[in-house]
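For reference, the structure discussed in these notes is given below.
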Amino acid sequence: MNSPWDAPTEYTVSIATNNIRKAVAEASNALYDFLEQSLMTADDDDESDFGRFARETLTVLGSHPEQLSWNSPDAEMPEETDPSEIVE
C-alpha cells in the first residue's frame, strides 16, 4: 500500500510582483533555502558536482544578504532607476 510519504516531493516557487528586482531577490532566497536543505541532507563526504555547485552558489548568494532580505515585510524595495538618471 502506498503511503503519502512515498509520493515524490514537488517544489514550486511562485512570485507575484511587477518588480523584477524583487522577483530575483525572492527567487534567489528560495534557491538559497533549497540548496541549504539539500546540503543538510547530503552525506558529509559528498564531493559530487552538485555538492560543489550548491556550496559555491550558497557562498555567492550569502555574500549579498541585502539582496536576499527584500522578501521581509519590513524591508523597503528600492525604486526602479530611470535609465536617464544613470551616471557612468
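FYI, it's all coordinate maths here, none of it is from the lab. It should be emphasised that the depicted structure is a prediction, and the values quoted were computed from it without experimental measurement. Here Cβ is always computed from backbone atoms with ideal geometry, including for glycine, and neighbour counts include all displayed protein chains.
Here are a few things to note about the model shown:
- Neighbour-count ranking [beta-carbon atoms within 10 angstrom, fewest first] of E47, E36, E56: E47, E56, E36
- The stretch 9-71: chymotrypsin sites (Phe, Trp or Tyr not before Pro) falling in loop per DSSP and having at most 10 other Cβ within 10 Å: Y11
- For the stretch 13-71, the spread of Cα positions along the three principal axes, ordered from largest to smallest, is 42, 22, 15 Å.
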